[in-house]
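Below is one structure, written out as structure tokens; comments come after it.
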Amino acid sequence: MKKFWAVLMSLLVILSMVVGIIPAFSAEKMPSAKYYATPSDYQKATGKRITKFSESPDLAELVKQGKLPPVDQRLPKEPLVVAPIEKIGKYGGELWAPAAEPNSWNNDGGAHIRIPYLYWIDKNTQQVIPFLAKGYEFSRDAKTITLYLREGMKWSDGEPFTVDDILFWWNDIANNKELNPIPSQQWTPGGKPAKFEKIDDYTVRIRFAVPYKPILSILGYFGSMQQNFFAPKHYLKKWHIKYNPDADKIAKQEGFDAWYKCFAFHNDITPSQQDVNCPTIHPWVLQKKTTTGAVYARNPYFAAVDTAGNQLPYIDKLNVVVTLSRETMVMKLISGELDYAGMWLEVPDYTLLKENEKKGGYTTYMWPSPVPAEIALGFNLNCKDPAKRSIFQDVRFRRAMSLAINREEINQMVFLGQGTPMQATVHPDCTFFKDEWAKSYAKYDPATANKLLDEMGLKKGSDGFRLRPDGKRLEIVIEYSQGLSFAKESLELISKYWNDVGVKTAVKEDERSLYTARSQAGELEVGVWHTDRMMEFRVTIPGWIKYNPRSEIGWAVQWGIWRETKGKSGEKPAGPCGEEFTRFMDLLNQWYVTVTPTKYKEIAQKIWDNQASNLWIIGTVGLPNRPIVAKNYIKNFPSKCYWGDDTSWWLAADPIQWYIEK
């Protein structure tokens, strides 16, 4: 133990020299590419004019061979203009990046980095800006938004990208009960579905029954990505029963028992994508997929250029390598087999990576995480075991289990002092934040934890573990997804703390797809995830925060289904905390449609007061600095960037303007 603490203290000294012991997360400006909606907007802002468009040598050769149209015919009439972080880049080269599993979002090369949105968030102003769409207008009453696409923009197969692709998603995917049996909460504010109206091929108007400011955050996020807001109608209608009466027959020929399962397979453009022919509007498109990795090649029709008129991206290919463990990934970075990584890296990896920078030819950065709880736990309030359900619903139990956690020790042993011990709540930069929320039941106090458990009548047996009301030993299982950052070490400590107060606790790691299936089915006893999307421009998106009872934590799945289906499925909230749960969810729904700043803050404080008291989700440590590695030959790479889902991980680092210079 003495040796461990000696090593730990040396790591803390090194880290404090580089980034400081406790990170201060603030609205500081980060190095960032600059985005201009159109070349004319760029000219107005800078006085400079883009006079011609250029392309990569490999695409120019295909044009010469007659296999591709010229670049000015592949780009939209008014492409997105990107001013690089440092300078105009060079074409060419490939990058290699790791993934935890073949189909995992824990993937540095095949996930967020290659899936842009129609709109985006300016990281320094937090304003929604055009990205692959041209612009938008939002009505003063917040009930109508008009979206403008880019005339002449094309899918990766050269077919036109138009409003019809948005309407196809809305009419035939989002509102098809076989593809989506439960209506999307994001598109039914006030309980009524949005109304989409085609103005012309490049203009769509969306109307809501109530004021709906969260629509900006939805569109400036993965709410406007392919599969979530639009889909290639010309390609996918072959597998849709509305357009092809033989869709079920085709599905069976392809090994599916229903058309909608086959359609979903071909529509998938996430890291689990298998159909290499599905067109996208991404900078890199899937070229090859195996159990050991994937290859993504440049999209010749990508709708962006740099300020010199060069079509982006600069880099030819992204190669994904599946690494079976975090330790293997770190060694591959040091040996030079991988070019960059971050999704799976954890604070303890920092020292070894830093010591081997020269050998590996890379730089190790520390980027701030916006996540208030990197490890967040939720007791299943709908647990199928009646005795455990009753115990979990008693707020005294949740408070006791929170007080039993030694957050300071977790911060030192797992995060090497780089995080902030705190309760699960919103990000401190939120305008309505109260410091007391982060402190609620977050102090390590096993004596009070034991007292609360005693008050509940959970007496200890002869072995020191507590008994349920039926006389059986109270045993709980914490489950987490393979590859979830900080989970293994944190949960080992938490299980010890809970065992110490007499609650027999085991920890179980699941492969991600298994964990997701069990979470969605409400089969977890204690679910675990991180509480991302808690910054102000994300936290108001309906259903996308972990306080959605059907989130990855799965803390009240049946109650969530009951609310979303208006009582047609699931279970009506009842029991010791049913009333408080209903109040919490009703407040969230009121918040999403509020208009005035005063009402917005008033409801916000009621919501997060409720969480601080009831602890629907229990937090541990948040806002840490996290290690990022990139080869020194990757240029236009930011020295600092917000690192988390709130800013879409690698997308925030502007990868389309990275280039290689050896």
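We did not get these values from a lab; they are worked out from the coordinates using the rules stated. Please read these numbers as outputs of a predicted model, since none were measured by experiment. Cβ atoms come from the backbone with ideal geometry, glycine included; neighbour counts cover every protein chain shown.
Out of every Cα-Cα pair that the stretch 232-289 contains, those further apart than 19 angstrom amount to 29 percent.
Above 12 Å lies some portion of the pair distances; for the stretch 416-458, what is it as a whole percent of all C-alpha pairs? Mind dumping the intermediate values first?
Details: 616 of 903 pairs.
Pairs farther apart than 12 Å: 68 percent.
When the convex hull of its Cα atoms is viewed from all sides, the stretch 111-185 shows a mean projected area of 7.3 nm².
Pairs of Cα atoms in the stretch 117-256 fall into 10 Å distance bins, from 0 up to the last occupied one, in shares of 11, 39, 34, 14, 3, 0 percent.
If you wrap the stretch 400-511's Cα atoms in a convex hull and average its projection over all directions, what's the area in nm²?
Details: hull surface 34.3 nm².
Computed as one quarter of the Cα hull surface, the answer is 8.6 nm².
Restricting attention to the stretch 37-169, the count of lysine pairs at 8 or more positions apart or across chains with alpha carbons under 20 Å apart stands at 18.
Diffusion coefficient (Stokes-Einstein, Kirkwood radius over C-alpha pairs, 25 °C, 0.890 mPa s) for the stretch 264-311: 206 µm²/s, rounded to a whole number. For Leu68, nonlocal amide neighbours, meaning residues 5 or more places apart or on other chains whose placed amide H falls under 5 Å from its own, are Val63.
Per DSSP helix of 4 or more residues, -39500 (n - 2.57); summed, then divided by the residues of the chain. What does that give at 222 nm, rounded to the nearest 500?
Values: 23 runs with 198 residues, N = 662.
Mean residue ellipticity, 222 nm, calculated: -8500 deg cm²/dmol.
With +1 on each Lys and Arg Cβ and -1 on each Asp and Glu Cβ, and nothing else charged, work out how big the dipole of the stretch 117-256 is about its Cα centre, in Debye to the nearest 20.
Values: 19 positive and 16 negative charges, 82 e Å.
Taking the Cα centre of the stretch 117-256 as origin, the dipole is about 400 debye.
With R₀ fixed at 22 Å, the C-beta to C-beta distance from Lys472 to Ser569 puts the FRET efficiency at about 0.10.
Note that the stretch 89-100 has calculated 3J(HN,Hα) couplings of x, 10, 7, x, x, 10, 10, 10, 9, x, 9, 5 Hz, one per residue in order, obtained from phi through the Karplus relation 6.51 cos²θ - 1.76 cosθ + 1.60 (θ = phi - 60°); glycine and proline are x. For Asp164, neighbours were defined as the other residues whose beta-carbon sits under 15 Å from its Cβ, and their charges (Lys and Arg +1, Asp and Glu -1) total 0. Projected over every direction and averaged, the convex hull enclosing the alpha-carbon atoms of the stretch 28-102 yields 8.6 nm².
As an exercise, take the mean of 1/r over every pair of distinct alpha carbons in the stretch 273-376, invert it, and state the Kirkwood radius in angstroms. Intermediate results must be reported in sequence, preceding the final value.
Numbers: mean 1/r = 0.0610 Å⁻¹.
After inverting the mean inverse Cα-Cα distance, the result is 16.4 Å.
Among the GluC sites (Glu not before Pro) within the stretch 60-128, those in coil by DSSP and having at most 16 neighbouring Cβ atoms inside 10 Å are Glu86. Here, P(r) means the percent of Cα pairs in each 5 Å bin from 0 to the largest distance; for the stretch 376-443 it is 3, 15, 19, 19, 18, 14, 8, 3, 0.
When the alpha carbon gyration tensor of the chain is reduced to an equivalent ellipsoid, its three semi-axes come out at 41, 31, 24 angstrom, largest first. Once the Cα atoms are used to define both axes, helix 597-614 deviates from the longest principal axis of the chain by about 40 degrees. I'd like the distance separating the alpha-carbon centroids of the stretch 265-313 and the stretch 328-406, in whole Å. That distance is 29 Å.
Eigenvalues of the Cα gyration tensor times 5, then square-rooted: what semi-axes does that give for the stretch 84-131, in whole angstrom, largest first? Show your work: numbers first, answer last.
Details: eigenvalues 117, 71, 17 Å².
Values for the stretch 84-131, descending: 24, 19, 9 Å.
When the C-alpha to C-alpha distance is required to be over 20 Å, the pairs from Lys213/Lys599; Lys384/Lys488; Lys332/Lys358; Lys192/Lys213; Lys213/Lys601; Lys388/Lys572 that qualify are Lys384/Lys488.
Once the other residues with Cβ under 13 Å from the Cβ of Ala99 are scored (Lys, Arg +1; Asp, Glu -1), what is the net sum?
Details: positive: Arg114, Lys289, Arg326, Lys332, Arg512; negative: Glu101, Asp108.
Neighbourhood net charge equals +3.
Spread over its residues, the convex hull of the C-alpha atoms of the stretch 376-622 is 119 Å³ per residue. The distance between label points at Ala209 and Glu580 comes to 3.1 nm (points 7 Å beyond Cα on the Cα→Cβ vector). Most simply put, the chain has about 75% antiparallel DSSP beta bridges, counting only bridges with both residues inside it. Simple point charges give the picture: +1 on the Cβ of Lys and Arg, -1 on the Cβ of Asp and Glu, and for the stretch 354-465 a dipole about the Cα centre of about 260 debye.
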